[in-house]
1. Keeping to segment 41-79, report how many residues are charged (D, E, K, R), farther than 14 Å from residue 92 by Cα and touching a residue at least 40 places away in the same chain (Cβ under 8 Å).
2. Kindly state which strands (runs of 3 or more DSSP E) lie completely within segment 1-116 and contain at least 3 residues that are touching a His at 6+ places or on another chain (Cβ under 6 Å) and of a type in the set (Phe, Trp, Tyr).
3. Among the listed residues 158, 129, 108, 167, identify the single one that is on the phi < 0 side of the Ramachandran plot, buried (at least 18 other Cβ atoms within 10 Å of the Cβ) and modelled with pLDDT under 95.
4. Could you check segment 126-213 for strands (runs of 3 or more DSSP E) lying wholly inside it with 1 or more residues that are within 21 Å of the chain's Cα centre (by Cα)?
5. Among the candidates 238, 252, single out the residue that is closer than 22 Å to residue 37 by Cβ, assigned to a helix (DSSP H, G or I), of a type in the set (Phe, Trp, Tyr) and within 24 Å of the chain's Cα centre (by Cα).
6. Residue 245: touching a Lys or Arg at 6+ places or on another chain (Cβ under 9 Å), at pLDDT 95 or above and either β-branched (Val, Ile, Thr) or surrounded by fewer than 16 Cβ atoms within 10 Å (Cβ to Cβ) (or both), yes or no?
7. On the basis of being at pLDDT below 95, under 19 Å from residue 134 (Cβ atoms) and acidic (Asp, Glu), does residue 217 make the cut?
8. In segment 113-154, which residues are of a type in the set (Val, Ile, Thr) and in contact (Cβ under 8 Å) with a residue 60 or more places away in the chain?
Amino acid sequence: MQRVLNEALWDAAAVRRQLRRAIIQQLGYESGIGVIDESGFVKWGDKSAGVGHQYCGRVGKVENCQVGVYWGYVAPTGAAFLDCRLYLPQAWCDDRARCQAAKIPDDVPFQTKPQIAQAILKQAWAEDVPMQRGVGDTLYGNSPGLREAIHHHQRYYVLAIGAPHQVMPADHRQIISLHTLVSRLAETDWERLCFRVGAKGLIWYEWQAVRITLANDTIGEQWLLMQRPLDEKSTYIFWLSNAPVDTPIVTFAAVALARHPLEHLLEEAEGQVGMADYEVRLGMAGTSR
């Protein structure tokens, strides 16, 4: 396996394209949901491609690790991963000798994780993958460039955004904070929905959506979706969406929660099939495992 990953001549991108075609034949759905997420892999040395002290979601803290950006696909009949890219920190891109030692091509530029996500989605659109909606956490939702790219390609996103954002509600032409907006909402307008079953039974959340314009954003008026658990009503998750005005809140909630099947697949891949324990260092091997 080491020889296949590190030395054999094969086209990993072509293999992933073939894999995508096979998966879409089975799961393809016109309103399919694309999920962008990431996962980190703790490493001990400094030779593995892209390794460095960075946040590792798998352990919930900064660790010496590699990080990959993953694209998953969710449809009514199942979920699967369709692509992944290795995140290469700026320090690596600035050290060409280190890149050459790890067999990272000289033409690989530095890209932020949202830029990697944008490149992955661009490839998906070029291949006509049936994917009308996309979802991601705040790392991706806080990126104006990624939001604008999805909007430009006439797709819809439901992306989490951080609480510090400033917005202008459609019915109140004044820029305010998200927490100020929440404080003005009527308690009776929250809608309770359930899409998941946990170890202790059904998992419910309350949701509300309002039309807003995000400050310093070029897309214009769009949806702000707010989510809160039943037992912590002062804790909110904020989502931004460019979906049509007549989109029902149940659709927003379904897309927002579509991340969970992919998180489960990552856990299975890491815990059951050895994805978290791979022993490779070189650039191509790290993205082909």
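The values are calculated or read from the model by the stated rules, or taken from the named source; none is laboratory data. Fair warning: this is a prediction, and the values are worked out from it, not measured in the lab. Don't worry about glycine lacking a Cβ; one is built from the backbone with ideal geometry, like all the others, and counts go over all protein chains shown.
1. Of the residues in segment 41-79, 1 are charged (D, E, K, R), farther than 14 Å from residue 92 by Cα and touching a residue at least 40 places away in the same chain (Cβ under 8 Å).
2. Working: elements: 33-42, 52-56, 61-75, 78-86.
The strands (runs of 3 or more DSSP E) meeting that bar number zero.
3. Numbers: 158 fails: modelled with pLDDT under 95; 108 fails: buried (at least 18 other Cβ atoms within 10 Å of the Cβ); 167 fails: modelled with pLDDT under 95.
Within the list 158, 129, 108, 167, the selection yields 129.
4. Working: elements: 133-136, 156-161, 166-169, 191-198.
By residue number, 133-136, 156-161, 191-198.
5. Values: 238 fails: assigned to a helix (DSSP H, G or I).
Among 238, 252, only 252 is closer than 22 Å to residue 37 by Cβ, assigned to a helix (DSSP H, G or I), of a type in the set (Phe, Trp, Tyr) and within 24 Å of the chain's Cα centre (by Cα).
6. On the way: touching a Lys or Arg at 6+ places or on another chain (Cβ under 9 Å): yes; at pLDDT 95 or above: yes; either β-branched (Val, Ile, Thr) or surrounded by fewer than 16 Cβ atoms within 10 Å (Cβ to Cβ) (or both): yes.
So residue 245 passes the test.
7. Details: at pLDDT below 95: yes; under 19 Å from residue 134 (Cβ atoms): yes; acidic (Asp, Glu): yes.
Yes: the conditions hold for residue 217.
8. Here is the first cut: in segment 113-154, the ones of a type in the set (Val, Ile, Thr) are 116, 120, 129, 135, 138, 150.
Answer for segment 113-154, where residues must be of a type in the set (Val, Ile, Thr) and in contact (Cβ under 8 Å) with a residue 60 or more places away in the chain: 120, 129, 135, 150.
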